Ligand code: HEM
Ligand SMILES: [Cu+2]
């Protein structure tokens, strides 16, 4: 069972994540206010905010997934406390360096740091780019070690083929691979691949940086690698949350635990491949990319939705449909999160269609869909886990009125914020603009609306933050009994 | 406009999914104690996946041929425009642009004739997005240093068109734009 | 440590190839889709004077500009062109026009040049002179400089691809691979190329080499790098799996 140490480090993670979340939301609102011309920031200040918001959000929701998976994995195998702690320390150091780079060094090339902008950005301090890369290296190494160690632990109990549930593809498997283990494995493999892609990008950057102009990278290669990393990690962090759903949704609903079947095994094995090739859809508008890869990009993006929607969502629906369920804030958050995930996925599939991408690429449609499955999907998965974790001993899982109001606030705020993004996308409003050209009539108006609704969302998050961290502090200061 | 139908399509799908979920949610409040639900929810639901696969397949085969790489492929452009993007301007010219001494010129294009933009960048990645006079995005390609992307388009309406940059290229990104006329 | 090692390795590979250009040149984009000057041509083994127009209307033209007394690039350039074209198997139409830009050349010296390269009987090759070379040079953006000390022209090796409408569809500067030549043959036959890489850039890590013959891209070194993350991941997992397996079996 979970040791006290594990509970404490998990609490520490949760509190840290929530603090950073609140700050990053404020940055997001500041951006929307600036785009709505309510406040006035210098473009440089806007772009440092944007970079900080992006990298912080990706970072915290990735580690949130890792933390939950690590905690639940303890039910099956022993995990390493020291590596968990090590990851925590390096993550905090990494984040501090990143914030230094953006706020003191004015690093402002966006969280994906697309080559060659960071090398040719006049706005930032000369040390900001190398230091940003160093910070990413620290995070990359910490997370790599963490993922590989989790893999190593499960591999001590299951063989590699059992981890991928290959025995379920035959009839009458002798050993059962729990769905949680299967999904965590598939996801961790993707996480490791994406982190290695990041390391390669960073090495190539440094090679150019130190070569005094003798070595110049190929922009197309760098873009491919960048999105191998960026797209993959942003997607895998969602699947970490999904693994958690498979493990505890049935449990908190008072239902029998879900079991792996042959098609669940097949679907997740396929998704291993699709997730790693879907990133090509970020290069649709680079006509230099061979057409074959573009089409692979569209097909892989489509197919990646099958295990997600076809299996997980369908499973959730079946698990709830006409079944008397103990509803609590935990499974309610999961349930609503799945809706957000599906809707964000629809937006993504539409955008991953090349002929639509021509008019949607790099418009607000892009932040629209990824905020849908993050702010209204993955975040809710993680908050559900946080709630479940923080209350597991006290068992106050009934839905109070206060809970309902908070959820309502979260929903209204989130939906309004997102609709402003979607409408902006359909109105051809570009993403990553600090202020909008006057010709784009609706743009700044929509930004104001988005900012207002985002404040409601922030309000709801603050209530959750209070409730969860209060209990997490309790765990943190509890003594062994 | 394509964007409007996309938005409507999306909103309809989103509404349908929400309704399904809400319906399922309320079904779980019914006091139907006899119904034990599905014992193992991960049981085989082959047909559902099949329907999903088929509809995605249809969607893909309808949309892929409309990809920009296949449009106007076997026509001869009646006009070539060279485009060099740089922080923070677009240079458009009917003549070649010299990378060491880049200059652009004002451009007037014929309507209903095939135009080819040969787009490249002199520094970082930029986007080359064409907006019509109602500020609707009609087509785009990326401007990548070291590569030339050939974007083909037939303008059916005369008027003033704007070019905006759609790839973050530094602090001047939101003011990086250009215009041309179609007659 | 590892980082340094990779860095040194990259520099080592780097120094063996010669690619120093930071700015890509756009010179080859000059005069694209402009009309070639319709100069009169005197062609070896033909008696009449023909307008250029007659030539390109019959078949798309690859124009090579040379002079017979060249002690520099012209000879290797023609040899390379001849060799590359022999390798190219294509059903596309084209002819090669080798034109002198030196007013000292005449039909006789050009005919000798053709013989020297054993091209005097090749149907696709034509050797010619013109009395209006300046107009032609202007129309293709070619500007040889006379060096009176060496008694030589200082000039670049230029190939101009002209389609059947007389427009310059593609230019190639310098001695180039047969990939580029194929791309030129496709362009003058009106085949749309959605994109291409600019020359004179470091191509060590470039992802694709466009093969104009098939219209396909063949994987370059860069593509290997794109699959590298997946590959390293596979190795790591295999490694961890092996170690854990021994532990699992022994316990
Ligand atoms: C209500 C909360 C949030 C608000 C108000 C907000 C706001 C914003 C805004 C205004 C932008 C810039 C859009 C543009 O390109 O013009 C942005 C970008 C972004 N947001 Fe959020 N956001 C929120 C939540 C999240 C969450 C939960 C994530 C989780 C992953 C996230 C990740 C990102 C990323 C990755 C970017 C892209 C940054 C870039 O372009 O480099 N955001 N957000
Ligand atoms: Cu830009």
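The values are calculated or read from the model by the stated rules, or taken from the named source; none is laboratory data. Computed from a prediction, not measured in an experiment: that's the story for all the values here. Positions of Cβ are generated from backbone atoms using ideal geometry, with glycine treated the same way; all protein chains shown enter the neighbour counts.
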Task: Subset of the stretch A:271-285 (residues that are surrounded by fewer than 24 Cβ atoms within 10 Å (Cβ to Cβ) and not in a helix (DSSP H, G or I)) - done: none
TODO: Just name the residue that is farthest from the other protein chains (Cβ to nearest Cβ) out of those in the stretch B:152-171 that are away from ligand 1 (no atom under 16 Å from the Cβ) and under 24 Å from residue A:436 (Cβ atoms).
DONE: B:157
Open item on the list: I'd like to check something: does the stretch A:405-416 contain any residue that is within 16 Å of ligand 2 (Cβ to nearest atom), within 30 Å of residue A:37 (Cα to Cα) and either within 14 Å of chain B (Cβ to nearest Cβ) or in contact with a strand residue (DSSP E or B) (Cβ under 9 Å, 6 or more places away or on another chain) (or both)?
Closed with: no
Task: Residue check for residue B:179: at pLDDT 90 or above, more than 14 Å from ligand 2 (Cβ to nearest atom) and facing chain A (nearest Cβ under 8 Å) - done: no
Task: Qualifying positions in the stretch A:290-303 - more than 8 Å from every other protein chain (Cβ to nearest Cβ) and crowded, with 24+ Cβ neighbours inside 10 Å - done: A:301
- [ ] Please work out which one of (1) closer than 30 Å to residue A:8 by Cα; (2) at pLDDT below 90; (3) more than 9 Å from every other protein chain (Cβ to nearest Cβ) is the condition residue A:163 fails and give its number.
- [x] (3)
Open item on the list: Within the stretch C:134-153, does at least one residue satisfy the condition of being surrounded by 15 or more Cβ atoms within 10 Å (Cβ to Cβ) and in contact with a helix residue (DSSP H, G or I) (Cβ under 6 Å, 6 or more places away or on another chain)?
Closed with: no
- [ ] All but one of (1) within 12 Å of ligand 2 (Cβ to nearest atom); (2) surrounded by fewer than 24 Cβ atoms within 10 Å (Cβ to Cβ); (3) more than 8 Å from every other protein chain (Cβ to nearest Cβ); (4) without any contact (Cβ under 8 Å) to a residue 40 or more places away in the chain hold for residue B:121, so report the exception by its number.
- [x] (2)
Open item on the list: Going through B:128, B:90, B:72 one at a time, which residue ends up being in contact (Cβ under 8 Å) with a residue 12 or more places away in the chain, away from ligand 2 (no atom under 16 Å from the Cβ) and more than 7 Å from every other protein chain (Cβ to nearest Cβ)?
Closed with: B:72
Open item on the list: Given the options A:412, A:463, name the one that is more than 10 Å from ligand 1 (Cβ to nearest atom) and modelled with pLDDT of 95 or more.
Closed with: A:412
Open item on the list: Between A:52, A:16, A:56, A:79, which is in contact (Cβ under 8 Å) with a residue 24 or more places away in the chain, away from ligand 2 (no atom under 16 Å from the Cβ), under 24 Å from residue A:469 (Cβ atoms) and not in a helix (DSSP H, G or I)?
Closed with: A:79
TODO: Scan the stretch B:141-175 for residues that are modelled with pLDDT of 90 or more, under 24 Å from residue A:218 (Cα atoms) and within 12 Å of ligand 2 (Cβ to nearest atom) and jot them down.
DONE: B:142, B:143, B:165, B:166, B:167, B:168, B:169, B:173
Task: Output for the stretch C:113-131, where each listed residue is exposed (fewer than 14 other Cβ atoms within 10 Å of the Cβ) and either touching a residue at least 24 places away in the same chain (Cβ under 8 Å) or outside the structural domain of residue C:57 (by TED's automatic domain parsing) (or both) - done: C:124, C:131
Open item on the list: Just checking, does the stretch B:138-161 include any residue being in contact (Cβ under 8 Å) with a residue 60 or more places away in the chain, buried (at least 22 other Cβ atoms within 10 Å of the Cβ) and within 25 Å of residue A:120 (Cα to Cα)?
Closed with: yes
- [ ] May I ask you to list the residues in the stretch C:42-69 that are over 21 Å from residue C:171 (Cα atoms) and in contact with a helix residue (DSSP H, G or I) (Cβ under 9 Å, 6 or more places away or on another chain)?
- [x] C:42, C:43, C:44, C:45, C:68, C:69
Open item on the list: Can you say whether residue B:96 is touching a helix residue (DSSP H, G or I) at 6+ places or on another chain (Cβ under 6 Å) and surrounded by 15 or more Cβ atoms within 10 Å (Cβ to Cβ), as far as the supplied structure shows?
Closed with: yes
Open item on the list: For the stretch B:99-118, give me each residue that is out of contact with any strand residue (DSSP E or B) (no Cβ under 7 Å at 6 or more places or on another chain) and either buried (at least 23 other Cβ atoms within 10 Å of the Cβ) or at the interface with chain C (Cβ under 9 Å from one of its Cβ atoms) (or both).
Closed with: B:99, B:100
Task: residue B:115 vs. criteria within 16 Å of ligand 1 (Cβ to nearest atom) and in contact (Cβ under 8 Å) with a residue 12 or more places away in the chain - done: no
Task: Residue satisfying all of: in the stretch B:134-151; within 15 Å of the chain's Cα centre (by Cα) and not in a strand (DSSP E or B); nearest to ligand 1 (Cβ to nearest atom) among these - done: B:135
- [ ] Would you kindly identify the strands (runs of 3 or more DSSP E) lying entirely within the stretch C:108-174 that contain at least 3 residues that are in contact with a strand residue (DSSP E or B) (Cβ under 9 Å, 6 or more places away or on another chain), more than 14 Å from residue C:98 (Cα to Cα) and at pLDDT below 85?
- [x] C:145-147, C:152-154, C:168-173
Open item on the list: Taking the condition of being within 16 Å of ligand 1 (Cβ to nearest atom) and surrounded by fewer than 20 Cβ atoms within 10 Å (Cβ to Cβ), how many residues in the stretch B:173-183 meet it?
Closed with: 1
TODO: Kindly list the number of the only condition in (1) within 13 Å of chain C (Cβ to nearest Cβ); (2) surrounded by fewer than 23 Cβ atoms within 10 Å (Cβ to Cβ); (3) in contact (Cβ under 8 Å) with a residue 60 or more places away in the chain; (4) not in a loop (DSSP other than H, G, I, E, B) that fails for residue B:77.
DONE: (4)
Open item on the list: Residues to consider are A:142, A:234; find the one that is over 29 Å from residue C:243 (Cβ atoms) and crowded, with 22+ Cβ neighbours inside 10 Å.
Closed with: A:234
- [ ] Give the number of residues within the stretch A:428-460 that are more than 16 Å from ligand 2 (Cβ to nearest atom) and either away from chain B (no Cβ under 14 Å) or closer than 30 Å to residue A:407 by Cα (or both).
- [x] 19
Open item on the list: Go through the stretch A:332-350 and report how many residues are without any contact (Cβ under 8 Å) to a residue 40 or more places away in the chain, in contact with a helix residue (DSSP H, G or I) (Cβ under 6 Å, 6 or more places away or on another chain) and facing another protein chain (nearest Cβ under 9 Å).
Closed with: 5
